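Student: Pasting a structure below so you can have a look.
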């Protein structure tokens, strides 16, 4: 990375969270659950995504949603009130994207 200082300056308002967090906050690579429908992306409340970037103070997240065969459906910015952490004892559900 030749331009590391430029990268740091461009992303100074974004924190790449450590893998270990105190208090159970959502962190990068966590699975999250969408809490509301996003019809413009074909997503519904309950869809599961993966956090790829955590914004400062967990105010928001960049989240990737994929099909079961690994195709990226969407990578979108979501606010903290649009997602929740996956919890123990929950079960995944399958639906067709065309049915969104």
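Since every read-out is calculated from the coordinates, none of them should be taken as a lab result. Only a predicted model underlies this, so the values are computations on that prediction, with no experimental measurement involved. When we count neighbours, we look across all protein chains shown, and the Cβ atoms used for this are built from the backbone with ideal geometry, even at glycine.
Student: Can you name every residue in the range 46-70 that is on the phi < 0 side of the Ramachandran plot, out of contact with any helix residue (DSSP H, G or I) (no Cβ under 9 Å at 6 or more places or on another chain) and not in a strand (DSSP E or B)?
Tutor: Scanning the range 46-70 gives 47, 56, 68, 69.
Student: Go through the range 28-45 and give me each residue that's under 12 Å from residue 82 (Cβ atoms) and in a strand (DSSP E or B).
Tutor: Within the range 28-45, 32, 33, 34, 38, 43 qualify.
Student: Test residue 55 against the criterion of being touching a residue at least 40 places away in the same chain (Cβ under 8 Å) and loosely packed, with under 13 Cβ neighbours inside 10 Å, and give yes or no.
Tutor: Taking the combined requirement at face value, the residue does not satisfy it.
Student: If you take the residues of the range 58-89 that are over 15 Å from residue 27 (Cβ atoms) and touching a residue at least 24 places away in the same chain (Cβ under 8 Å), which of them is surrounded by the fewest Cβ atoms within 10 Å (Cβ to Cβ)?
Tutor: Only one residue tops the list, namely 68.
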